[in-house]
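Working notes, beginning with the structure itself.
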Amino acid sequence: MIRLLLVDDGEIFREGLEELLSLRKEIEVVGQAGNGKEAISFAAKLQPDVILMDVRMSGCNGVEATRSIHRSYPWIKIVMLTVFDDDEYIGQSLQAGAIGYLLKRTPVEQLVTAIRSAYSGYSQLGPTIAPKVFAQLSPKFSASIPKHKSRLSKRELEVLQLIAQGKNNREIAEELYITEGTVRNYVTRILRELELRDRISAVLWANKYLQSCRK
């Protein structure tokens with residue numbers, strides 16, 4: 001069961017979302033918060049597995065709340081769910097510790113999939129969000145490819161390419177005929193060698209790498 005906290009300053013939106021998500025047997029909505037301050041308090045009290053967090057709220061906004069919660073409870077996965085796709089909000093949210101960024105127009109089936117993925121530790125970016133993040137990081141990644149490519153083994157490059165395809169650890173393990181534990185070890189080393197913070201950055205780096213290989 002995935003314990004979920006909803007954070008949004010729109011009460012009607014929160015209640016509607018809870019009604020939809022509560023129909024899923026694997027999801028339990030354990031609470032609702034109307035602003036960032038409440039989110040911080042509820043996160044401490046309820047210890048949810050995943051938080052769906054709005055960005056722009058009065059008082060303490062979603063970015064500030066995400067930073068505070070991630071600092072105190074790094075195991076809680078936070079996915080931003082908002083109407084804003086501004087580059088600034090996206091960058092600030094991911095830097096604050098959010099594992100994903102989705103728009104409120106995301107279909108409920110995709111939202112449920114994103115909640116499951118976040119619970120498993122996999123990053124989620126909406127289809128219009130990924131290009132924005134990639135554009136922000138592209139120059140840095142382009143410069144780092146020659147420097148870091150040689151640090152990865154052939155197997156690690158294979159794992160990285162599968163990460164870029166959106167595959168999770170289990171799927172990668174099945175494709176390469178190795179254990180999930182081995183995949184986790186590869187992912188940890190890849191992030192360390194490429195000096196990347198999370199799986200989102202690894203996906204973006206891998207896409208840039210694959211583009212360079214096709215040139």
At R0 = 35 Å, FRET efficiency that the Cβ-Cβ distance of GLU18 and ARG189 yields, to 0.05: 0.30
For LYS104, distant residues with modelled amide H under 5 Å away: THR82, VAL83
Using θ = phi - 60° and Karplus 6.51 cos²θ - 1.76 cosθ + 1.60, couplings along segment 77-85 (whole Hz; Gly, Pro as x): 8, 10, 10, 6, 10, 8, 8, 9, 10
Estimated vicinal HN-Hα couplings, Hz - segment 114-124 in sequence order (Karplus 6.51, -1.76, 1.60; Gly, Pro = x): 5, 5, 4, 5, 4, 4, 7, x, 9, 6, 9
Under-5 Å amide H pairs with ILE51, H placed in peptide plane, nonlocal only: LEU5, LYS77, ILE78, VAL79
Cα centroid separation, segment 169-198 to segment 8-54 (Å): 31 Å
Relative contact order (percent, whole number), segment 2-126, Cα cutoff 8 Å, 6+ residue spacing: 22 percent
Quarter of the Cα convex hull surface for segment 2-126, i.e. its orientation-mean projected area (nm²): 6.3 nm²
Convex hull of segment 30-77 built on C-alpha atoms - directionally averaged projected area, nm²: 2.8 nm²
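Since every read-out is calculated from the coordinates, none of them should be taken as a lab result. All values reported here derive from a predicted model rather than from experimental measurement. Counting neighbours? That spans all protein chains shown, and the Cβs are built from the backbone with ideal geometry, glycine included.
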